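Presented below is the structure to which this report refers.
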Amino acid sequence: MPIPRLNKEIREIAARKGAVILAHNYQLPEVQDVADFVGDSLELSIKAGETKAEIIIFCGVNFMAETAAIISPQKKVLIPDYTAGCPMANMINAENVRELKRQHPGAKVVCYVNSTAAVKAESDICCTSANAVKVVNSLKDTEEIIFIPDKNLGSYVQSKVPKKKFIIWEGFCPTHARILKDDIYRAKDKHSQAKVMVHPECRPEVIALADLVASTSGMSKFARETEAKEIIIGTEVGMLYRLQKENPDKNFYPASSQAICPNMKLTTLDKIFWSLQDLVYPVVVEEPIRSRAKMAIERMIALSKQD
Ligand code: 13P
Ligand code: SF4
């Protein structure tokens, strides 16, 4: 079926069933276009908690849909492709976290939302790339931070909060690891006037070359507000669609065209349609993990709503 027709059918069935469609900034262009709301991980968790809709179609990867299911167990959270995982989330498990806590009994565990529910359940507070520095700064009576699972976000936050001692897990995003510092040099040679925006999941040597380090929605805000007409983007390439759509008078260049997250591309319009039609695939997090993970997520959301 052609995209405009499928888009119309999806909107009709979503309205009939009272479903809201949430999509991450890395989703395919046609998926972003059919969604009610497109955002970064933090915004999507907040939306999932606030929506009045009974059904949430989550166009993203598993940990994001799981977060929505943890916050809103009374709602039906559906993921159009249940194989859409995040390799970084699988680089640590709950026993690894328990072992870290045994080794560092005075430390607080800050867990990037790119993690499983079982890992969140072992953590004190969650963070996303949009609020990680704020989350760590909020832990005023703690000197030691166990930061899991992303080593690049962890070392970036550590550079912003040098007074605390960090124990950082060695996880990473294979997609952002593809962006190399030579890619930034090459892009800057080609576009000498361009600003450089990168995601904190990038390698430290890439982050060191950036004018702005931000979450995907932080990038979108900067792109709207800056005077710059050209920007080099160091993150998953799906981000460029939204940036270009919102800023038609500006030019955006991917730092590397290799930075594609295959899991983010698994969601298609066909799968969204089937998901709505057959109410598949439900994402449910069992107790007691759900309640324990919820505490860590809610502490983060409460903090993000302050000021
Ligand atoms: P954001 O929260 O910045 O959208 O990042 C999510 C993600 O998975 C980045 O790879
Ligand atoms: Fe996970 Fe990286 Fe894909 Fe984000 S881009 S979902 S961190 S693999």
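The values are calculated or read from the model by the stated rules, or taken from the named source; none is laboratory data. This structure is a prediction, so every number in the text was calculated from the model and none was measured. Using ideal geometry, Cβ is built from the backbone for each residue, glycine included, and neighbour counts are taken over all protein chains shown. Just the protein is used for accessible areas: all its heavy atoms, side chains included, with ligands, DNA and RNA removed. Shrake-Rupley method; radii C 1.70, N 1.55, O 1.52, S 1.80 Å.
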Review point. If we keep just the residues of region 218-270 that are aliphatic (A, V, I, L, M), part of a loop (DSSP other than H, G, I, E, B) and within 15 Å of ligand 1 (Cβ to nearest atom), which is farthest from the chain's Cα centre (by Cα)?
Key: Ala255
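Tell me the residue from Phe147, Phe166 that is in contact with a helix residue (DSSP H, G or I) (Cβ under 6 Å, 6 or more places away or on another chain), among the hydrophobic types (A, V, I, L, M, F, W, C) and within 16 Å of ligand 2 (Cβ to nearest atom), please. Break it down stepwise before answering.
On the way: Phe166 fails: within 16 Å of ligand 2 (Cβ to nearest atom).
Unique residue meeting the criteria: Phe147.
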Exercise for review: State whether the residues of region 292-301 include one that is out of contact with any Leu (no Cβ under 7 Å at 6 or more places or on another chain), surrounded by fewer than 20 Cβ atoms within 10 Å (Cβ to Cβ) and over 20 Å from Cys127 (Cβ atoms).
Suggested key: no
Exercise for review: Hey, can you tell me all the residues within region 7-58 that are closer than 21 Å to Gln277 by Cβ and touching a Cys at 6+ places or on another chain (Cβ under 8 Å)?
Suggested key: Ile21, Leu22, Ala23, Gln27, Val31, Ala35
Practice item. Given the conditions (1) free of Cβ contacts under 8 Å to residues at least 60 places away in the same chain; (2) over 15 Å from Ile179 (Cα atoms); (3) within 13 Å of ligand 2 (Cβ to nearest atom), report the number of the one that Lys265 does not fulfil. Key: (1)
Practice item. Identify the single condition in (1) under 18 Å from Ala296 (Cα atoms); (2) under 16 Å from the mean Cα position of the chain (by Cα); (3) polar (S, T, N, Q); (4) open to solvent by 20 Å² or more (accessible area, probe 1.4 Å) that Asn96 does not satisfy, given that it satisfies every other one. Key: (2)
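Among residues belonging to region 185-217 that are in a helix (DSSP H, G or I) and touching a Gly at 6+ places or on another chain (Cβ under 7 Å), point out the one that is nearest to ligand 1 (Cβ to nearest atom).
Step one: list which residues in region 185-217 are in a helix (DSSP H, G or I), which gives 185-190, 204-207, 216-217.
Filter again for touching a Gly at 6+ places or on another chain (Cβ under 7 Å), leaving 206, 217.
On the way: Val206: 14, Ser217: 7 Å.
Looking at the filtered set, the residue picked out is Ser217.
Among what's in region 72-89 and is over 16 Å from the mean Cα position of the chain (by Cα) and of a type outside the set (Ser, Thr, Tyr), pick the residue that is farthest from Met264 (Cα to Cα). Lay out the reasoning, then the answer.
Going through region 72-89, the residues over 16 Å from the mean Cα position of the chain (by Cα) turn out to be 72-78, 80-83.
Narrowing further to those that are of a type outside the set (Ser, Thr, Tyr): 73-78, 80-81.
Values: Pro73: 24, Gln74: 26, Lys75: 23, Lys76: 21, Val77: 17, Leu78: 15, Pro80: 11, Asp81: 10 Å.
Once the filter is applied, the top-ranked residue is Gln74.
Using the structure shown, decide if Gly60 is within 19 Å of the chain's Cα centre (by Cα) and modelled with pLDDT under 95.
On the way: within 19 Å of the chain's Cα centre (by Cα): yes; modelled with pLDDT under 95: no.
Answer is no for this residue.
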Review point. Can you list the strands (runs of 3 or more DSSP E) found entirely within region 109-184 that contain at least 1 residues being surrounded by fewer than 18 Cβ atoms within 10 Å (Cβ to Cβ)?
Key: 144-148, 165-168
Check your understanding: In region 81-91, which residues are more than 20 Å from Phe172 (Cα to Cα) and surrounded by fewer than 19 Cβ atoms within 10 Å (Cβ to Cβ)?
Key -> Tyr82
